[in-house]
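For reference, the structure is listed below as structure tokens.
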Amino acid sequence: MRKFLVVLDDSKECLNAMRFAAMRAQHTGGDVEILGVIPPDEFNHWIGVGSIMREEAKERIHAHFEVFAKWMRDKHDVDPRLVIREGKVVDKILERIEQSEEIGLLVLGAASGRGGPGPIITQLMRQSASLPVPMTIVPGEMSKERLEAIT
């Protein structure tokens, strides 16, 4: 079975990546795995404060995931799986792909504007020739109707 790996973050373009992955999974009989990454720099505090902040970050990821998961289950009959890791986002994406042979496609949303597509895409593009799976970049400004038409 093929899994679509999507990175969960607070960006606007994340929504289109989730939409694309859910629609493709529904049409192809695949699954969606959602990766939430907690950056290491969030915990450079005292030990007690760091552990509280880590738990709060996990709770935020779970809450955000539940919104997408409910939508995927209700609208697309797809039951996504959540994986949470701590570390640098690109490192954790590559690590997760290497850990799971079922992951067949990495789906990322591209930001619009002068800042470029976003730091994750920018870093992964430098390594694109050696990525272990194909990467689909979904424009963050693409309409829901257009996404439905192409999936």
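The values are calculated or read from the model by the stated rules, or taken from the named source; none is laboratory data. Everything quoted here is computed from the prediction, not taken from an experiment. Glycine gets a Cβ as well: all are built from the backbone with ideal geometry, and neighbour counts include every protein chain shown.
Could you go through the stretch 97-107 and let me know if any residue there is touching an Asp or Glu at 6+ places or on another chain (Cβ under 9 Å) and of a type in the set (D, E, K, R).
Yes.
Mind listing whichever residues of the stretch 122-138 are loosely packed, with under 12 Cβ neighbours inside 10 Å, of a type outside the set (Gly, Ala, Ser) and modelled with pLDDT under 95?
Selection gives ARG126, GLN127, PRO132.
Only one of (1) within 14 Å of CYS14 (Cβ to Cβ); (2) at pLDDT below 95 fails for VAL67. Which number is that?
(2)
Before we move on, is VAL90 of a type in the set (A, V, I, L, M, F, W, C), modelled with pLDDT of 95 or more, farther than 20 Å from ARG24 by Cβ and in contact with a Leu (Cβ under 9 Å, 6 or more places away or on another chain)?
Taking the combined requirement at face value, the residue satisfies it.
With respect to ALA17, determine if the residue is in contact with a Phe, Trp or Tyr (Cβ under 7 Å, 6 or more places away or on another chain) and either at pLDDT 95 or above or of a type in the set (Asp, Glu) (or both).
Numbers: in contact with a Phe, Trp or Tyr (Cβ under 7 Å, 6 or more places away or on another chain): no; either at pLDDT 95 or above or of a type in the set (Asp, Glu) (or both): yes.
Considered against the rule, which asks whether it is in contact with a Phe, Trp or Tyr (Cβ under 7 Å, 6 or more places away or on another chain) and either at pLDDT 95 or above or of a type in the set (Asp, Glu) (or both), ALA17 comes out as no.
Could you check the stretch 103-121 and list, in sequence order, the residues that are exposed (fewer than 12 other Cβ atoms within 10 Å of the Cβ) and either closer than 19 Å to ILE84 by Cα or modelled with pLDDT of 95 or more (or both)?
None - no residue of the stretch 103-121 is exposed (fewer than 12 other Cβ atoms within 10 Å of the Cβ) and either closer than 19 Å to ILE84 by Cα or modelled with pLDDT of 95 or more (or both), so the list stays empty.
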